[in-house]
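Contents: one structure, followed by commentary.
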Amino acid sequence: MDDNDDGARVGLWVVLGVITLLLFGLIGGLAIRSMGGKLPPAAPVAAAEAGADVAMDAPLSGRLLIRVLFDPDKFDLHPDAVTAMAPAVAALAAAPGATLVIAGFHDPSGDPAHNAELAKQRAKTVHAAIVAQGADAARVRLRKPEQTALAGPPEEARRVEVWLVE
């Protein structure tokens with residue numbers, strides 16, 4: 001190949017591009033095979049995460065189903081809290097036109113932005129647990145975090161409530 005042969009140069013780049021695509025395809029195929037030949041379900045996870053990021057600002061109304069308490073400065077569930085969510089999933093299934101609204105609470109002490117984010121993460125944790133138990137993610141909504149008064153027991157400021165709204 002000489003310096004003036006543009007056709008050969010273009011042909012070489014096309015061949016290199018095809019070989020690169022084949023290699024990427026082979027590597028991707030091997031990765032899928034190592035996962036058992038199945039791709040993870042993308043649509044339900046995307047729907048659950050999308051619902052978990054949309055926060056409504058409507059007032060709480062309806063019927064309070066459960067209250068989940070958290071440890072200070074943490075947003076992971078206690079093992080018994082997961083089983084306590086079953087009534088919320090059952091209530092949602094029994095009321096086809098209803099929605100579950102999940103509301104996280106925090107107290108005014110400390111950094112307000114940190115507390116609001118912690119309340120949001122707690123609500124998202126409850127959302128994920130309810131959806132994992134079979135609730136329709138499109139019917140489970142988050143409410144913006146709400147600040148509580150300092151007047152009650154401290155664990156009341158570290159709660160998430162799940163409401164059934166008709």
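Residue-wise test of (1) part of a strand (DSSP E or B); (2) at pLDDT below 90.
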position: V82; (1), (2): no, yes
position: A91; (1), (2): no, no
position: A103; (1), (2): yes, no
position: T125; (1), (2): no, no
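A quick yes/no check of all residues on (1) in the same structural domain as L69 (by TED's automatic domain parsing); (2) closer than 21 Å to D71 by Cα; (3) within 14 Å of the chain's Cα centre (by Cα):
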| residue | (1), (2), (3) |
| --- | --- |
| A93 | yes, no, no |
| L100 | yes, no, no |
| T125 | yes, yes, yes |
| K144 | yes, yes, no |
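The values are calculated or read from the model by the stated rules, or taken from the named source; none is laboratory data. For clarity, every value in this text was computed on a predicted model and none was experimentally measured.
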